[in-house]
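Please read the structure below before turning to the comments.
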Amino acid sequence: MQIIKVKNYQELSQKVAEIVKNHIQLKSNLVLGLPTGSTPILMYKLLVKMNKKGEINFSQVITFNLDEYFGLSANNIQSYHYFMDKNLFSKINIKKENIHLLDGKTKNPQTECDKYEQEINEAGGIDLQILSIGHNGHVAFNEPGSPFNSKTRLVNLDRETKINNGRYFDSAGKMPNQALTMGIATIMSAQEIILMATKNKKEIIEKTLKNMVTEQIPATILKQHPNCTLIIEQE
Ligand code: PGA
């Protein structure tokens, strides 16, 4: 795992936005894996700016989001559909048909997840996967204990995740207990991975780097990826 240290959140976001831009300049139909949460928000703002200035053209780019809450519809303001639309998709020249997100309202989660895997394969696999990390070491919603060979599936959310993400909901009680998420194997099959870490993730990043590879800290598997870069904000 390559490690790049940056001074602050602005620099972290700028660096990742530049990486995305460079990839799209090299491959206009890039297959891009995208995260949600607080970490990538500024990076998305910068991508929107670059698109407005004509520096990035998203017209051929294909995206796959990492995860979605189970039970939330696309127009629920807590859904990751809503988040992505608000922060990125509604503001750039991406084609609707090139955007892929798991359907939180699906009646048949297994079929939905299998279809997602198939769509990723049909797109030729993910070229560049942007990731963030949870305080418990989760990547996407692959909580501690997630099998390394897992594919896209329905999962139960960890207690810590419910506490951390509950702040976005009116009351933690309204937060779904389950989510649909790309699996660890799905993420690991990306050609290249960028793991973004803000300074509040110092502790889990240290654990990830120091510990042996273990399903108890899902992010540790990234150390076995042939082309993974951790970009970390240092105090
Ligand atoms: P955050 O979430 O970017 O809001 O810290 C990351 C995660 O839980 O994976």
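Every read-out reported here was derived from the displayed coordinates using simple, explicitly stated rules and does not represent laboratory data. Keep in mind it's a predicted model, so treat the numbers as computed, not measured. FYI the Cβ positions are ideal-geometry reconstructions off the backbone, even for glycines, and counts take in every protein chain you see.
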So for the chain: antiparallel DSSP bridges make up what percent, rounded to the nearest 5?
30 percent
Have a look at I187, G134, M50 and report the one farthest towards the positive end of the charge dipole of the chain, computed about the Cα centre with Cβ charges (Lys/Arg +1, Asp/Glu -1).
M50
Relative contact order, percent, of the chain when contacts are C-alpha pairs under 8 Å separated by at least 6 residues?
27 percent
What is the set of long-range amide H partners of F70 at a cut-off below 5 Å, with H atoms built 1.01 Å from backbone N?
Q178, A179, L180
What are the lysines whose alpha-carbon lies under 28 Å from the alpha-carbon of K53, with same-chain residues fewer than 8 places away excluded?
K5, K7, K15, K21, K27, K45, K86, K91, K95, K96
Could the peptides 80-91, 107-118 be put in order, highest first, of the mean number of other beta-carbon atoms found within 10 Å of their residues?
80-91, 107-118
Add -39500 (n - 2.57) for each DSSP H run of 4 or more in the chain, then divide by its residues: what number comes out at 222 nm, to the nearest 500 deg cm²/dmol?
-9500 deg cm²/dmol
Taking the alpha-carbon centroid of each part, what is the distance from region 1-56 to region 98-127 in angstrom?
23 Å
Taking H placed 1.01 Å from N in the peptide plane, check which residues at least 5 places from H100 or on another chain put their amide H under 5 Å from its amide H.
T63, F64, N65
Run the dipole for region 64-178 about the Cα centre, Lys and Arg Cβ at +1, Asp and Glu Cβ at -1, nothing else charged, and hand back the magnitude in debye, nearest 20.
360 debye
So if I restrict to the alpha-carbon atoms in the chain, what is the Rg, and what is Dmax, the biggest pairwise distance, in Å?
16.5, 45
Report the residue, chosen from T181, T106, T220, that carries the largest GNM mean-square fluctuation when the chain is represented by alpha-carbon nodes joined by springs under 10 Å.
T106
For the chain, size of Cβ-based charge dipole, Lys and Arg +1, Asp and Glu -1, in debye
640 debye
